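Please treat every number below as a calculation from the coordinates, not as lab data. Everything numeric in this text was worked out from a predicted model, so none of it was measured. Here Cβ is always computed from backbone atoms with ideal geometry, including for glycine, and neighbour counts include all displayed protein chains.
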Amino acid sequence: MMVGTSLVTHVAAAADAAAVATPDGRADEADRPLAFDIPAQPLASALDAYSVAAHRDVLYNGQLAVGRRSAAVRGRFAPEAALRLLLEGTGLAPRYVAADAFVLVESELPPAPANAAAADVVYRYYGRIQASLKQAFCASRRLMPDTHHVAVGFRIGPSGAVFKAELLGSTGDRALDDEIGGTVRSLVIGAPPPPGFAQPVILVLEPPSQNAMRDCNEIGRTSAGAAP
């Protein structure tokens with residue numbers, strides 16, 4: 001689900017058809033065969049090559065790639081078919097969080113449940129999540145200008161507090177990763193998840209747009225005006 005021009009550009013409950021673009025739901029153009037020439041190699045470098053060739057973002061915990069090798073992919077394939085070939089024998093599988101982005105998970109994990117809540121209820125709750133994230137990230141002068149493309153996953157408890165937060169990838173900066181993880185783990189959404197809301201929630205964070213920075217400045221001025 002696209003959520004506007006804020007820091008958070010994709011918010012999805014994993015595998016939820018109402019909130020995430022699945023392979024069957026992507027536009028025909030996205031499934032057009034492309035040329036691939038990726039030899040068998042360490043999985044991390046193979047995924048980099050796939051990302052460039054397929055024009056898709058690959059997000060994963062780096063530990064998943066350690067000790068794993070890809071299969072070779074040579075020829076013209078739809079991106080999804082090429083990815084299946086690449087991952088053959090690795091024990092990993094993709095979960096799509098947008099039409100052009102996915103996270104890698106261990107394939108033996110059970111599929112994430114779909115949302116059973118009404119669509120309008122789900123969208124309103126996503127709005128709460130986005131507002132909480134925006135406020136938390138705007139409060140950090142480092143996170144707003146420096147956040148890079150990275151995915152996080154988490155669950156929300158009955159109190160509305162986030163728990164079991166984990167980065168599904170890395171910005172390349174360990175200190176920044178730690179700060180993003182700590183910020184997400186400290187989130188309080190302000191209301192419990194509605195009945196039937198699918199979890200975990202997966203967020204894809206991107207560098208903020210100019211609109212997002214203006215939003216943060218407005219939040220800062222509002223907060224300052226409310227201070228005694």
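At a glance:
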item	result
Rough spin-label spacing in nm, given labels placed 7 Å along Cα→Cβ, for Ala131 and Lys164	2.6
Estimated FRET transfer efficiency (Val188, Ser140; beta-carbon r; R0 22 Å; 0.05)	0.85
Compactness index (Cα Rg / 2.2 N^0.38 Å), the stretch 23-106	0.99
Dipole magnitude of the stretch 23-106 about its Cα centre (Cβ charges: Lys, Arg +1; Asp, Glu -1), debye to nearest 20	260
